[in-house]
1. It is to be established whether one or more residues within the stretch 69-76 are in a loop (DSSP other than H, G, I, E, B), more than 11 Å from the ligand (Cβ to nearest atom), surrounded by 21 or more Cβ atoms within 10 Å (Cβ to Cβ) and on the phi < 0 side of the Ramachandran plot.
2. Looking at the stretch 43-60, which of the residues that are more than 14 Å from the ligand (Cβ to nearest atom) and touching a helix residue (DSSP H, G or I) at 6+ places or on another chain (Cβ under 7 Å) is nearest to Leu162 (Cα to Cα)?
3. Picking from Ile92, Ile124, Ile150, which residue would you name as being surrounded by 19 or more Cβ atoms within 10 Å (Cβ to Cβ), under 15 Å from the mean Cα position of the chain (by Cα) and of a type in the set (A, V, I, L, M)?
4. I'm trying to understand the selection: among the residues of the stretch 318-336, which are closer than 10 Å to Ile19 by Cβ and touching a His at 6+ places or on another chain (Cβ under 8 Å)?
5. From (1) farther than 27 Å from Ile190 by Cβ; (2) at pLDDT below 95, pick out the condition that doesn't hold for Gly268.
6. Grab the helices (runs of 4 or more DSSP H) fully contained in the stretch 123-239, keeping just those with 3 or more residues being of a type in the set (S, T, N, Q), within 16 Å of the ligand (Cβ to nearest atom) and in contact (Cβ under 8 Å) with a residue 40 or more places away in the chain.
7. Just name the residue that is nearest to Lys147 (Cα to Cα) out of those in the stretch 266-281 that are touching a residue at least 60 places away in the same chain (Cβ under 8 Å) and assigned to a loop (DSSP other than H, G, I, E, B).
Amino acid sequence: MRKPRIAILGATGVVGREITKITDELGIEFESIKFLSSARSAGSKITFKGKEYTVEEAKPEVFDNVDIVMASAGGSTSKLFAPEIVKRGGLIIDNSSAFRMEKDVPLVIAGVNDEDLRKHKGIIANPNCSTSQLMLVLEPLKKFGIKRLIVSTYQAVSGAGLAAINELRDDTIANLEGKPFENKCFKKPISFNVIPQIDVFCENGYTKEEMKVVNETRKILHLDDTTKISCTAARVPVFNGHSEAVDIEFEKNVTPDEVREILKNAYGVKVIDNPENYEYPTTRDASGVDPVFAGRIRKNLAFDNGISLWCVADNLRIGAALNTVRICKRVIEMGLF
Ligand SMILES: NC(=O)c1ccc[n+]([C@@H]2O[C@H](COP(=O)([O-])OP(=O)(O)OC[C@H]3O[C@@H](n4cnc5c(N)ncnc54)[C@H](OP(=O)(O)O)[C@@H]3O)[C@@H](O)[C@H]2O)c1
């Protein structure tokens, strides 16, 4: 197995830092590695596996002799550099939404639809964070036939980047001290608040974030239009870890016990479900670790053959960095670069 020459684009950002850490944790072997940012952070230092690297400014020529780029530098940056990377024979695993719904771009959750990786033409997309955690829970249940899916998300500020994390901290302190605070990242104050808007509104009244969950779920699980999906996404004053209330109507009858058993054995999922002892997953359980946690598994009272559950995960890991590095690992193992 040939070792790839790797670049991490957006290495100085929230997701990029996690990608760097997880590249080490998953033991990705490489021939060379470089860390890239905008001009703003170029020249800063990153220590990786005990060695100090200087962050380089991303320009087309830095992608010469690079096999795999793990990118988390925003959609416009990915759009700018993806053609340059592909032109040079490289492969980009992209965290932005720039290419996710393009026909020739596999949208992959490692362990869910790895075979789709074989169809790549130089670009592989990483799903949106709220879609990602949901896929690991839904894939093993797909065999019961998903007829209808309703998802409500409670999303942490880390999903909006470093500036948003700082805004929650600074706004909270200002609020507690009775000082004025001007919110910049969010349309409303985020401290002590819940904001029912993530990303911009679409013509149909849903936000783009909500439509990402709808469209990406269909693409990853290969579901057609007969499966009805709806999502409401809210931003909550939590630093890290997205929570989701999930209601599923199945074609076939399935009991909560069966679902619990299936999810206990599912790849990447951990069940915490013992409400009598107040055991259910919360964002604090999920932050900093790999599994997607599922709990509160119960019969849904509104649907025939319905199940409701609560699903929590570290959005920076499974929702972005962990999945990116897992894809990188699969690409290497499958010889796809
Ligand atoms: N946060 C999440 O949970 C999450 C989940 C899924 C996907 N994503 C996606 O991942 C991307 C990054 O998110 P983030 O939260 O890590 O943001 P962030 O903390 O703001 O970091 C952005 C990174 O991109 C770099 N960058 C910005 N413009 C660039 C340019 N023109 N050329 C090269 N590098 C550039 C920045 O470099 P400087 O340090 O030089 O500014 C920084 O390293 C976004 O596309 C986001 O939608 C985020």
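The values are calculated or read from the model by the stated rules, or taken from the named source; none is laboratory data. On a predicted model such as this, the values are computed, not experimentally measured, just so you know. Every residue, glycine as well, gets a Cβ built from its backbone with ideal geometry; the counts of neighbours run over all protein chains shown.
1. Of all residues in the stretch 69-76, those in a loop (DSSP other than H, G, I, E, B) come to 72-74.
Pick out the ones that are also more than 11 Å from the ligand (Cβ to nearest atom) and you get none.
No: the stretch 69-76 contains no residue that is in a loop (DSSP other than H, G, I, E, B), more than 11 Å from the ligand (Cβ to nearest atom), surrounded by 21 or more Cβ atoms within 10 Å (Cβ to Cβ) and on the phi < 0 side of the Ramachandran plot.
2. Checked the stretch 43-60; the qualifying residue nearest to Leu162 (Cα to Cα) is Phe48.
3. Residue meeting the stated conditions: Ile124.
4. Correct list: empty.
5. Gly268 satisfies all of (1) farther than 27 Å from Ile190 by Cβ; (2) at pLDDT below 95 except (2).
6. 129-138
7. Taking the candidates together, the pick is Ala266.
Listed here are the residues, each with its yes/no results for (1) part of a helix (DSSP H, G or I); (2) over 23 Å from Gly161 (Cβ atoms); (3) free of Cβ contacts under 8 Å to residues at least 24 places away in the same chain.
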position	(1), (2), (3)
Thr20	yes, no, no
Thr23	yes, no, no
Ser41	no, no, no
Val62	yes, no, no
Asn65	no, yes, no
Leu80	yes, no, yes
Ile85	yes, no, no
